[in-house]
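Visitor: What follows is a single structure, and I will ask about it in a moment.
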Amino acid sequence: MAGIELKSAAFNDHALIPRRYAREGEDLSPPLSWSGVPDGTAELLLLCEDPDAPSGTFVHWLVTGIDPRDGTVDAGQVPTGGTARRNGYGEDRWGGPQPPVGDEAHRYFFRLYALPEPVDLSDGATAEEIHRAVDQQQLASGTVVGLYQR
């Protein structure tokens with residue numbers, strides 16, 4: 001399977017996410033860019049999740065229907081053609097990092113999936129349900145990981 005290169009101008013892979021993108025900061029989604037989307041991609045799906053959350057993997061951002069011809073999204077924006085879906089906070093938008101005070105840095109996995117057809121997800125889909133829906137049909141994916149600690 002081919003890979004998508006996913007990056008952020010706000011942080012390097014496995015480096016700290018600036019406070020401006022956290023819930024306690026400006027709560028803006030970070031800027032992202034990508035390349036290597038394969039032919040045959042009908043839509044992209046963007047997922048940001050925290051597997052270190054005390055209650056289990058927490059969904060911070062889910063965007064479906066992203067135009068595969070675009071390759072960037074600015075801070076605080078939704079990717080072209082995309083629809084922000086319900087996150088773990090119960091909001092249809094980006095919800096920035098907010099790990100418990102005193103926890104070691106949590107990992108925030110930003111994953112972009114190239115899909116051959118639109119994905120069907122229920123409102124408030126869990127990280128497990130999202131992975132189940134996309135893992136079998138993805139054409140390619142890319143990941144960048146940010147860290148955050150309060």
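The values are calculated or read from the model by the stated rules, or taken from the named source; none is laboratory data. In this text, all values refer to a predicted model and were calculated from it rather than measured experimentally. Note that each Cβ is placed from the backbone with ideal geometry, even for glycine, and that neighbours are counted across all protein chains shown.
Visitor: Can Gln98 be described as surrounded by 15 or more Cβ atoms within 10 Å (Cβ to Cβ) and more than 15 Å from the chain's Cα centre (by Cα)?
Guide: yes
Visitor: Please find, among Val59, Val78, Val101, Val37, the residue that is more than 24 Å from Arg132 (Cα to Cα) and of a type in the set (A, V, I, L, M).
Guide: The conditions single out Val101.
Visitor: Just for segment 133-150: of the residues that are more than 14 Å from the chain's Cα centre (by Cα) and not in a loop (DSSP other than H, G, I, E, B), which one is farthest from Val37 (Cα to Cα)?
Guide: If we take residues in segment 133-150 being more than 14 Å from the chain's Cα centre (by Cα) and not in a loop (DSSP other than H, G, I, E, B), then Tyr148 is farthest from Val37 (Cα to Cα).
Visitor: On to the next question. Check segment 53-67 and report whether any residue there is assigned to a loop (DSSP other than H, G, I, E, B), of a type in the set (S, T, N, Q) and out of contact with any Leu (no Cβ under 7 Å at 6 or more places or on another chain).
Guide: Yes, segment 53-67 has at least one match.
Visitor: Looking for whichever is more than 14 Å from Arg69 (Cα to Cα), at pLDDT 95 or above and surrounded by 14 or more Cβ atoms within 10 Å (Cβ to Cβ) here; the options are Asp13, Asp27. Which one fits?
Guide: Only one candidate passes the filter, namely Asp27.
Visitor: In segment 77-91, which residues are among the polar types (S, T, N, Q) and part of a strand (DSSP E or B)?
Guide: Thr83
Visitor: Determine the pairs where a residue that is farther than 16 Å from Asp123 by Cβ, located within segment 89-105, has a partner that is polar (S, T, N, Q) with Cβ atoms under 6 Å apart, the partner being 6 or more residues away or on another chain.
Guide: Close Cβ pairs satisfying both conditions: Trp94/Ser29; Ala105/Gln149.
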